[in-house]
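First up is the structure itself, then whatever we jot down about it.
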Amino acid sequence: MQCKFIDKDNNHRLIAIFAGWAMDSAPFEGLRRHGYDIMVIWDYRDFSLDWSCAAHYDEICVVAWSLGVYAAAVATAPIAARVTLRLAVNGTLSPVDSLKGIPPAVFRGTLEGLDERNLTKFYRRVAGSREAYGRFAETLPQRDIDDLKTELEAFLPRDFFAPELDTRFDRALISRDDAIFPAANQWRAWE
């Protein structure tokens, strides 16, 4: 995983944002919250994260989006005692699943067809509208296609790879029209 502080004023409270797949810190650069430092985490080719950069924080709020929900559940064990809020946004603990995640055929189709053109289509779907994509394009993530393929492969279910998950989330926000995780699957996952 990679991380970057987008706002660091030596506060004692941190918001750790686990971004969705194909993101980096760029779309989040303008975020500010009085009294909190903000760190964005992305690049889930490896689910380990060195939390030494967060050693001085008394309170950590985790906001996890899309595939970042699963990544947060894997990576937050070392800081669990200081996490005061866990928020899942349009994602589940079962990233590739017919009933509780992204349907496997859709996921594999994304992986197998990934190229620059399809990545642009993905970003348009994430944005939701032409107008929103126009704003999003101003801070478009700069990610390598091969790295993104490797990152997707890390989410494929494997019998031999079953990381321990911290499944405690305080709230799950589910968008009715999420274009990545079907809303019905999210509802089933968080029941």
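At-a-glance table
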read-out	value
Local net charge near residue 43, Cβ-Cβ under 15 Å (Lys/Arg +1, Asp/Glu -1)	-4
Whether the range 95-191 is rounded, prolate or oblate, judged on the alpha carbon gyration tensor where a/c under 1.5 counts as rounded	oblate
Dimensionless Rg ratio for the range 1-62, taking C-alpha atoms and the 2.2 N^0.38 Å reference	1.06
Heavy-atom accessible area ranking, 1.4 Å probe, most first, across 106, 126, 69	106, 126, 69
Helix-only [θ]222 nm of the chain, DSSP H runs n ≥ 4, -39500 (n - 2.57) each, per residue, nearest 500	-8000 deg cm²/dmol
With all protein chains modelled, accessible area of residue 170 [1.4 Å, Å²]	80
In sequence order, calculated HN-Hα J values of the range 79-94 (Karplus, 6.51, -1.76, 1.60; Hz; x Gly/Pro)	10, 3, 5, 9, 7, 9, 8, 10, 10, 9, 10, 6, x, 9, 7, 10
Chymotrypsin sites (Phe, Trp or Tyr not before Pro) within the range 91-160: DSSP coil, no more than 12 neighbouring Cβ in 10 Å	160
Among 103, 27, 78, residue whose mean-square fluctuation peaks in a GNM of the chain (springs only between Cα atoms under 10 Å)	78
By accessible area with a 1.4 Å probe, ligands and nucleic acids excluded, highest first: order of 149, 121	121, 149
Å² of accessible area per residue within the range 37-174, as computed with a 1.4 Å probe and no ligands counted	51
For the range 85-132: rounded, prolate or oblate by the Cα gyration tensor [a/c cutoff 1.5]	oblate
Residue-span extension gain [residue 176 to residue 81] - 0.36 nm each, minus C-alpha spacing	30.9 nm
Surface accessible to a 1.4 Å probe, residue 39 within the full protein complex, Å²	0
Accessible surface, 1.4 Å probe, highest first, among residues 59, 138	138, 59
GNM flexibility winner over the chain from 125, 33, 168 (Cα, springs under 10 Å)	33
Accessible surface of the range 1-60 [probe 1.4 Å, protein heavy atoms]: carbon and sulfur percent	44
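The values are calculated or read from the model by the stated rules, or taken from the named source; none is laboratory data. Keep in mind that this is a model prediction, so the values were computed, not measured. Cβ sites come from the backbone with ideal geometry, for glycine too, and all protein chains shown count toward neighbours. Protein only, heavy atoms only, side chains kept; ligands, DNA and RNA dropped before computing areas. Shrake-Rupley method; radii C 1.70, N 1.55, O 1.52, S 1.80 Å.
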